[in-house]
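> Before we start, here is the structure in question, set down as structure tokens.
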Amino acid sequence: MQEQRTHPDTTSRPPGDVACSLCGRDLLDPITLSCRHSFCRPCLCLRSEITEETPCCSMCGEMAPPIAWRRDTVLKRKVFKVRQDRSKFLPVYADQVCQVHWTVKHFFCEVTKEFLCEACCDSKAHEEHGHNEIKSLAEHYRQQLLRQMRLLWRKKQENQREQQRESTVILCWRKYLALRREMIREEYHKVKHLLVSEEKCSLERIEMEGRYIYEKLVDNRNLRRKVEELLQVLYWKLEGKCRRPDEELLLKWESLMTSSQILQEQVPQPLNICLSSQPITGLVRRLSGCLEHLSWEEEKTTLNSPLLEGVRAPLRRADGPEDVQQWPKLKYFLTWASQCFTSGQHYWELDVGGCQNWVAGLCSNSWTKKNDMALDSEGIFLLICVKEDDQCRLFTSSPLQPQFVKWPQSTMGVFLDYDRGTVSFVDVVNSSLICSLLSCTFSAPLRPFLCSASP
């Protein structure tokens with residue numbers, strides 16, 4: 001009767017320099033922090049997940065955010081060598097010995113998924129198949145599983161971010177719809193009930209689309225919660241297999257890779273939360289009666305814009321240093337009009353085509369003299385467009401508020417009614433309202449402002 005094989009734990013007592021300070025086992029996908037302490041990536045991931053604060057080194061307490069984690073390839077090679085040296089002293093079990101040639105099976109056939117001795121590799125049954133040494137092939141597969149673990153963790157973080165964003169939208173969605181209806185009513189009120197049926201259709205469409213988007217948000221949130229649990233389970237399953245003996249890893253590798261790829265494809269895509277903007281008859285023609293021909297004089301170029309960066313930063317993905325390297329480096333061009341407005345109605349148009357990161361609107365004279373130009377400043381009435389993750393999103397200032405409508409892709413109009421305290425932004429091509437800032441308080445001269453960004 002063939003002896004049954006029970007695999008020993010080959011990572012129970014690793015040398016101190018290749019042992020994780022958190023789990024005490026061989027370093028798996030080692031990360032060395034700036035303080036020079038090293039840990040398994042899965043251990044750091046788990047630690048960062050269970051704490052709400054910025055992760056820190058468990059040895060010295062130094063801050064260690066995921067954005068600063070860097071793989072230690074030198075230590076990875078050292079761990080591999082220690083693992084190989086350790087395997088030389090492990091006992092040989094009956095299932096590791098070829099029953100035909102009575103020699104140890106050191107090779108693996110990827111076609112038949114069998115372990116072979118050197119003589120079997122040269123036999124007629126296997127001579128046309130590719131064979132690899134068990135140790136080297138297992139390490140190659142182990143690194144591929146570790147890569148899948150990194151992808152799974154990234155997907156998990158992306159899923160959590162989108163789930164949080166969509167949950168936030170769910171909480172404020174009804175309030176936003178009420179605000180959107182108020183904007184539309186205010187615009188139609190200016191034409192003294194001449195477009196009653198059109199106004200009614202626009203309001204009904206907002207209600208219908210709003211209900212549909214809300215249901216999609218709720219369904220997506222529930223699906224994300226289920227997928228997150230599956231990602232977590234599979235991640236730790238892969239972690240366990242990476243620590244198992246080479247032979248077991250070789251037999252399970254293909255099914256694990258397939259499971260990982262299928263699950264990643266099941267992660268819901270970000271929802272495009274966007275209401276349609278219906279054309280308003282005669283909108284642009286009516287506003288053109290207040291058209292101003294602005295002179296843009298004061299100009300400034302900078303590599304840092306608190307306005308756009310203040311909006312872009314929370315939207316950015318930063319699960320590791322590789323993400324920071326992929327962030328586009330932008331140059332910002334700021335300009336102010338020479339005209340100042342203290343009363344009356346004023347309208348001007350801007351070409352925002354070809355630019356996907358910009359700020360347009362009005363600001364007070366005092367704000368233009370500040371160096372910080374912070375997003376939470378008083379005296380700014382702006383529409384902000386930012387592009388992150390292949391999506392353009394709109395926000396208004398005072399206070400910062402997302403606007404769930406399509407961004408203008410060519411000419412945009414800005415309308416100021418100083419006496420009524422409103423600023424409106426319109427899509428000139430579609431003759432539709434993008435959004436309005438209602439019930440504003442103007443206490444100083446206002447200047448048109450424009451900021452655009454380019455790589």
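> Which percent, to the nearest 5, of DSSP beta bridges fully inside region 283-454 are antiparallel?
Restricted to region 283-454, the bridges split so that about 100 percent are antiparallel.
> Considering the convex hull of the alpha carbon atoms of region 10-90, report its projected area averaged over all viewing directions, in nm², one decimal.
5.1 nm²
> Between region 145-192 and region 36-93, how many Å separate their Cα centres?
The two parts, judged by their Cα centres, are 36 Å apart.
> Where does each of Met257, Met412 land when they are ranked from fewest to most other beta-carbon atoms within 10 angstrom?
Met257, Met412
> Now for a different question. Return the percentage of antiparallel bridges among DSSP beta bridges fully within the chain, rounded to the nearest 5 %.
95 percent
> Rounded, prolate or oblate for region 245-313? Axes are the square roots of the Cα gyration tensor eigenvalues, ordered a ≥ b ≥ c, and the cut-off for rounded is a/c under 1.5.
Verdict is oblate for region 245-313.
> Return the sequence-ordered ³J(HN,Hα) values of region 231-238 in whole Hz as given by the Karplus equation 6.51 cos²θ - 1.76 cosθ + 1.60 applied to θ = phi - 60°, using x for Gly and Pro.
Coupling constants for region 231-238: 4, 5, 4, 5, 4, 6, 5, 5 Hz.
> Do me a favour and compute the ellipsoid semi-axes for region 136-265 from its Cα gyration tensor, root of five times each eigenvalue, largest one first, whole Å.
Whole-Å semi-axes of the equivalent ellipsoid: 52, 11, 10.
> Per the Kirkwood formula on distinct C-alpha pairs, the Rh of region 283-454 is how many angstrom?
16.5 Å is the Kirkwood radius here.
> Let me ask another. Just the Cα atoms of the chain, one point each, no solvent: what log10 I(q)/I(0) does Debye give at q = 0.08 Å⁻¹?
Calculated log10 I(q)/I(0) at the listed q: -0.66.
> Under a point-charge model restricted to the Cβ atoms of Lys and Arg (+1) and Asp and Glu (-1), what is the dipole moment magnitude of the chain relative to its Cα centre, in debye to the nearest 20?
Roughly 560 debye for the chain.
Every number in this text was worked out from the coordinates using simple rules, so none of it is lab data. Predicted model only: the values in this text are computed from it and were never measured. Note that we place each Cβ from the backbone using ideal geometry, even for glycine, and neighbour counts take in every protein chain shown.
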